[in-house]
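Below is one structure, written out as structure tokens, with a few remarks after it.
The values are calculated or read from the model by the stated rules, or taken from the named source; none is laboratory data. Remember, it's a predicted structure, so these values are computed and weren't measured experimentally. Here the Cβ positions follow ideal geometry from the backbone for every residue, glycine too, while neighbour counts run over all protein chains shown.
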Amino acid sequence: MDAVEAVYDPFSPEFVADPYPAYAELRAAGRAHWHGPTRQWLIPHYEDVSALLRDRRLGRTYTHRFTHEEFGREAPDAAYEPFHTLNDHGLLDLEAADHSRIRRLVSKAFTPRTVENLAPTVRRLAADLVGDLVAAGGGDLQAAVAEPLPVAVIAQMLGVPGDDEERGRLRPWSAAICGMFELNPSEETARLAVEASVEFSDYLRELIARRRKSPGDDLISALIGVEELTEQEMISTCVLLLNAGHEATVNTTVNGWWTLLKHGVRPDPEKLSTAVEELLRYDTPLQMFERWVLDDIEIGGRLIPRGSEVALLFGSANRDPARFGPTADELDLTRADNPHITFGAGIHYCLGAPLARLELAAVFGELLRQAPDLRLVAEPVRQPGYVIRGFEELLVEV
Ligand code: HEM
């Protein structure tokens with residue numbers, strides 16, 4: 001085993017529990033490290049992660065420029081075709097002209113102003129969910145508050161009907177699909193993702209047909225008349241919005257409360273948005289994003305040739321003392337200079353960042369107000385994945 005493998009082991013529970021000391025070692029050892037087990041170049045420094053996210057010599061896909069053979073990669077397994085069809089036609093996995101066309105169409109629904117109009121609804125929902133948790137004397141913060149809030153908000157925006165039967169399926173489908181975003185997914189993970197992709201796509205096709213007959217005041221109805229969008233792109237982008245619209249928000253809520261409880265601190269409600277930014281930085285809910293190298297690049301004197309894959313270590317970038325100073329590894333709920341990379345950068349910069357911030361402020365604000373003595377009941381168990389960082393549950397009493 002070489003030195004990099006000894007430090008960076010995303011398949012080990014110990015590493016996943018606390019990857020930050022390993023990141024510090026990687027940063028100290030250089031700017032780009034070849035990692036054999038994942039066949040990726042690891043990029044641990046803030047400045048490099050930030051620059052590469054904006055660099056058009058890299059892409060989330062390569063298929064807009066090369067065939068699989070030209071790029072030296074195998075075509076995806078045909079058995080997983082329903083997952084790839086769904087994934088590859090959504091906004092996040094398109095590049096160049098296709099990406100800008102779809103981003104322009106959906107971005108209107110997510111501007112800071114549009115999102116601000118949702119604020120009263122989001123705050124009321126947060127108050128009700130936290131009220132129920134408090135009335136019960138506590139419970140699982142994840143299932144009772146962290147999950148239902150963003151799921152309800154994004155479902156309502158897209159026009160997924162409010163009954164539990166329809167919305168209740170969104171989270172399991174999303175979880176099954178997101179399994180594919182972990183490193184080296186198993187065959188079983190892929191099988192579940194394919195199954196969920198088929199069911200979720202069928203559901204959306206049917207929902208689009210329903211909205212075509214009786215339009216509502218929602219994003220799906222708004223997109224129906226848009227000629228520049230194929231039905232597959234619409235299905236794929238709606239699935240992306242429904243999944244991205246809650247996954248990381250759920251985990252930021254739970255990781256954030258875990259951090260607060262572990263440190264025995266509470267944000268000042270007057271400075272809540274600054275504290276939320278720090279929680280987004282301190283324990284980054286999406287630890288790593290991949291990019292394909294479309295044209296040779298050089299990082300720290302090392303040539304990374306076309307056809308390579310880089311792993312941009314967001315969790316490490318957010319703890320880089322070169323950007324965040326000597327307190328980079330500390331939790332500082334009043335940190336003023338905090339340009340964290342948690343929402344990405346460049347053309348794929350998170351479309352939902354204003355919405356996520358609104359939801360997080362509402363949930364943290366209500367919990368501080370209604371449950372000032374919130375306590376942990378049991379040590380939470382981590383979800384095994386490295387890329388998507390979260391817990392199975394967070395049992396609390398109030
Ligand atoms: C704390 C919560 C969230 C975090 C940390 C987060 C993070 C990210 C990141 C890092 C990216 C860029 C990925 C890349 O460059 O490869 C991204 C993209 C995206 N996010 Fe979020 N996100 C969050 C919440 C949301 C919400 C609430 C929505 C709701 C719609 C959303 C929708 C999207 C979409 C549609 C994209 C793709 C944008 C594009 O490709 O142009 N996200 N998100």
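Might you check whether a residue that is within 13 Å of the ligand (Cβ to nearest atom) and in contact (Cβ under 8 Å) with a residue 24 or more places away in the chain occurs anywhere in segment 123-145? No, every residue in segment 123-145 fails to be within 13 Å of the ligand (Cβ to nearest atom) and in contact (Cβ under 8 Å) with a residue 24 or more places away in the chain. With the structure loaded, tell me whether Phe324 is hydrophobic (A, V, I, L, M, F, W, C), within 30 Å of Ala152 (Cβ to Cβ) and modelled with pLDDT of 95 or more or whether it fails that test. For Phe324, the condition - hydrophobic (A, V, I, L, M, F, W, C), within 30 Å of Ala152 (Cβ to Cβ) and modelled with pLDDT of 95 or more - is not met. Regarding segment 27-46, can at least one residue be identified that is out of contact with any Gly (no Cβ under 6 Å at 6 or more places or on another chain), of a type in the set (S, T, N, Q) and surrounded by fewer than 13 Cβ atoms within 10 Å (Cβ to Cβ)? No: segment 27-46 contains no residue that is out of contact with any Gly (no Cβ under 6 Å at 6 or more places or on another chain), of a type in the set (S, T, N, Q) and surrounded by fewer than 13 Cβ atoms within 10 Å (Cβ to Cβ). Within this structure, Ala361 fails the test of being more than 23 Å from the chain's Cα centre (by Cα), assigned to a helix (DSSP H, G or I) and at pLDDT 95 or above. Suppose the filter is assigned to a loop (DSSP other than H, G, I, E, B), within 13 Å of the ligand (Cβ to nearest atom) and either farther than 20 Å from Leu374 by Cα or without any contact (Cβ under 8 Å) to a residue 40 or more places away in the chain (or both); does Thr284 pass it? Criteria met by Thr284. For segment 299-315, a residue qualifies if it is part of a strand (DSSP E or B), in contact (Cβ under 8 Å) with a residue 40 or more places away in the chain and not basic (Lys, Arg), and the qualifying residues are Ile299, Ile304, Glu309, Val310, Ala311, Leu312, Leu313. Where residues in segment 215-245 are in a helix (DSSP H, G or I) and over 25 Å from Glu81 (Cα atoms), which of them is farthest from the ligand (Cβ to nearest atom)? Per the stated criteria, the residue is Ile224.
Scanning segment 323-355 for residues that are away from the ligand (no atom under 16 Å from the Cβ) and surrounded by fewer than 14 Cβ atoms within 10 Å (Cβ to Cβ) gives Gly325, Pro326, Thr327, Glu330, Thr334, Ala336, Asp337.
Listed by first and then second residue, the pairs with beta-carbon distance under 8 Å, at least 6 apart or on different chains, first residue in segment 1-24 and within 20 Å of Asn318 (Cα to Cα), second among the basic types (Lys, Arg) and surrounded by fewer than 18 Cβ atoms within 10 Å (Cβ to Cβ), are Val16/Arg382; Ala17/Arg382. Can you confirm whether Val250 is of a type in the set (A, V, I, L, M, F, W, C), over 19 Å from the mean Cα position of the chain (by Cα) and at pLDDT 95 or above? The answer is no for Val250. Taking segment 246-281 as the range and being in a helix (DSSP H, G or I), in contact (Cβ under 8 Å) with a residue 24 or more places away in the chain and of a type in the set (A, V, I, L, M, F, W, C) as the test, the residues that pass are Ala248, Val250, Val254, Trp257, Trp258, Leu261, Leu272, Ala275, Val276, Leu279, Leu280. Pairs linking a residue in segment 64-82 that is under 19 Å from Ser308 (Cα atoms) to a residue that is of a type in the set (A, V, I, L, M, F, W, C) and in a helix (DSSP H, G or I), with Cβ atoms under 6 Å and 6 or more positions apart or on different chains, are His64/Ala96. Hey, does segment 339-351 have a residue that's over 30 Å from Arg57 (Cβ atoms) and not small (Gly, Ala, Ser)? Checked segment 339-351: no residue is over 30 Å from Arg57 (Cβ atoms) and not small (Gly, Ala, Ser).
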